[in-house]
Structures are given as structure tokens and as C-alpha cells.
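Below is one structure; the comments refer to it alone.
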């Protein structure tokens, strides 16, 4: 039984070689994901598989017998093929990646391995050439590299812009403060009495100085935010106090335009976890914007409230309003919706961008609801302090 089993399992060596050769030929001819073909010692093509036909576009009768340099670009066709064959003959194999040319003239990025083939005596009888099409992979790598390079360039440009804005802001603030200071001294009569007309002129100088200083401060704040240099002193902030304080500060501005400004009473539990000075900065900006974009005779309401997890401060006006398609754009830097040479809306267009960045820096947000001709409602939402 044992002898018969062993005997039936033995395959004669000649048959084994024939079967192995048949399987190898079937394997090479059937592979579609690799171009596998043989070259004679001079580099002329002697076999061609389906993968080679798929990659290169040639039928077997169109390519067998031709020199494999036909696959190389014109710049490399006379140099690279003989060099690669010489290396493969000397070292046994050579591997390369580069552009190759298809039958229709298009190019593919290929990984190529050429292996020297020798008989039992060591004589060179040809070369085996295996090619992989890596065009898609290279395009993906190139795109990733381009995106990374572009991102680095954008980040560098943003850093340069922020550094420039910060430097410019510091340089301009010094002379502006001096202008304001000397104008105040002159108005007070320190250098001698001034008449009514001169006092009015000095007041105009002071207002212009404050306006320009406000713009410079916006630029400086914006550059600091972009550079990630803003620090937050987080504490418990009573929004009732913020609302009342902002109303007192902004009301004189509203009065000059005959605008009614009211601060509604808020519940006692409207306590936020935030940076008080930055909360006030945001609400002041929202209230000042409301005055700028509300016509004479209009009204502005400041209010605050709370829900389970958040508290909010709201500035609502019945001004010109904002189109629906611009509600997100107004938070972009240097954007002022509705600004024209005749509207009288001045500034950098940074106020809302800075305000939303500050809100998000305090783990909150700044939201808006508005309709043209019906006014706007801006809401600063902040984390709520734990209740006792």
C-alpha cells in the first residue's frame, strides 16, 4: 500500500519540467497588471504578454522584433536602453522609474526591472523585462506634494502678512497717540486760549485721530489672532454687567444719530465662562456696527439670556439689514456689506471677523439673523458657568 501510494505520487522529471514550463508560460501570458516580456541580447523584443499590450497599446505582431528603446522618450531613447542592458548584464538586474511612451504617444510613469537571462553555461541569452504602470500613483503623489507646497506657501504668506500688520500697527500708533495728545492739550488751552472755531477744528482732529487709532487697533488685533498670539483670561463674566456697561459707552454715539438704544433687563443666571475684556470688545463692536448701519430714528436693543449649557448677549437693530447670501461673507476679513463711497460706513471691515474669532477663541460663537430692510440680530454665544 505504501509503495503503491509513493509510486503514484511520483512525477517523472521530464513531465515535471514540461508542466512547470506550461504553468509559467500561462502565468506570464495571463498577467494583466504587469507588462512582462523578453528581449534578445541586443534588446529586441521576442515575447509579449497581455499586460504589455494593455499598458503599451501594441499588439504582439506590431512590436515583436522591434528594439525596446521604442518605449523611451526621445530624450532618453539613444542613451538609457543600452546603459540599462549593460548594467543588467554586469550586475544581473537593473531597476528604474521614469517616463515611458505608449503606442499612441501618451506617456506613462513606469517602474521597470530588467533581469539578465543566462543558460546553464552562463552565456547571456537575453533579458526579462517587467514593467508596472505607476502613473496614477505618481499623479497622486505629485498632487499631494503640490498641495503641501501650496499650503506651506499660504502659511508663509499669512505669517508675513500678520508680521507686517503688527509692525505697521505699532509704528502708526505712536504718532497717532502723539497727535491726539497734543490736540487735547491745545483744546484745553495749555498753549493759550483758543476761540470757538479753533476748538471745533481741534475736536475734528481728535475724532479723526480716534477713528484712525481704532482702525490700527483692529489691524493689530487681527494680526495677533492670525498669529495665534491672543491670550484669554477666562473667568466668570456676568453678561448683565457687560450689557449695561456697553449701553452706557455706546449711547452717546447713538444719540448723535437720533437712535434709541435700550438695554433690557437680564436674568440673574446669565454668567459666562469667558474673558471679560474680550466679551466687552465683541459687544461694543456689535453695538457700534448697529449704530453705523441704522438710520436716524431707528432703534437698537441689547439683551442677554441663558439656556441649559450656554449664555448669550444679543444686539438687535432695525437698520438696513443684510442679504441672505452675504450673511457668511460679513465675517470675512476686510468685507463690509453695503459699503459705498456715499454710505459713510467707515472702517477696515475687520470688526466682525475679529469678533467671531474672539468668540470662538472663548469656545463660543457669533451668529447673525437678518433681512434687508428689517434689521439685524447678532448673538454672542458663550459657555455657561456651572450653577450652584
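Just so it is clear, none of the values below were taken in a lab; they were calculated from the coordinates. Keep in mind it's a predicted model, so treat the numbers as computed, not measured. Cβ: placed from backbone, ideal geometry, glycine included. Neighbour counts: every protein chain shown.
Please list the three semi-axes, largest first and in whole Å, of the ellipsoid equivalent to segment 140-226, using sqrt of 5 times the eigenvalues of its alpha carbon gyration tensor.
Numbers: eigenvalues 439, 19, 9 Å².
Semi-axes (√(5λ), whole Å): 47, 10, 7.
Under a crude label model (7 Å from the Cα following the beta-carbon direction), how far is residue 184 from residue 277 in nanometres?
1.8 nm
Between residue 154 and residue 307, what FRET efficiency comes out of the Förster formula 1/(1 + (r/R0)^6) with R0 = 35 Å and r the beta carbon distance, rounded to 0.05? Don't skip to the end; give the middle numbers.
Numbers: r = 38 Å, r/R0 = 1.09.
Computed FRET efficiency for residue 307 and residue 154: 0.35.
How high is the relative contact order of segment 188-273, given as a whole-number percent (alpha carbon pairs under 8 Å, six or more residues apart)? Working shown, then result.
Values: 29 pairs, mean separation 26.6, N = 86.
After rounding, I find 31 percent.
First measure r as the distance between the Cβ atoms of residue 67 and residue 137, then evaluate 1/(1 + (r/R0)^6) with R0 = 22 Å and state the FRET efficiency to the nearest 0.05. All intermediate terms of the calculation are to be shown ahead of the outcome.
Numbers: r = 28 Å, r/R0 = 1.27.
It comes to 0.20.
Express in whole angstrom the spacing between the alpha-carbon centres of segment 110-149 and segment 351-388.
If we compute the Cα centre of each part, the gap is 58 Å.
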